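A.B. asks: Below is a structure I'd like to ask you about.
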Amino acid sequence: MGEEGFTEREHLCLRELLLGIQGKFLLSYNDDGFIRELYSQPGISLMEIHRIHNMRQRFEGGSRFSELLIANYDLRERETLGQTSLFQPEYQEDSICDL
């Protein structure tokens, strides 16, 4: 972090740490060719999303930028799960939660 940002070595170190963890990870980066190449490997999902660029809103309303989501699981897996809302739980009828 800081004024200079991550060095290439720090990016490589972060990738190695993330690839070695036992659980799931989700990492968000500005979409960049170096980052795409760094994480383009088996077992890693990349998803490009576009979001509002908050810093530019004052001068360029609606300005957006590309963000890259990186994970060690299928980022689209929730799409097949259906509704997973706290407010529509699939409780048994004898549940103590009456929503």
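A.B. asks: Between Ile52 and Glu16, what is 0.36 nm times their sequence separation minus the Cα-Cα distance? Round to one decimal in nm.
C.D. replies: 9.9 nm
A.B. asks: Around Phe25, with a cut-off of 14 angstrom between Cβ atoms, what is the net charge of the other residues, counting Lys and Arg +1 and Asp and Glu -1?
C.D. replies: Here the charged neighbours net out to 0.
A.B. asks: Oh, and also: Suppose R0 equals 22 Å. What FRET efficiency, 1/(1 + (r/R0)^6) with r the Cβ-Cβ distance, do Phe25 and Glu77 give to the nearest 0.05?
C.D. replies: 0.95
Taken together, the values in this text are just the output of simple stated rules run on the coordinates, not laboratory data. Quantities reported herein were computed from a predicted structural model and do not represent experimental measurements. Note that we place each Cβ from the backbone using ideal geometry, even for glycine, and neighbour counts take in every protein chain shown.
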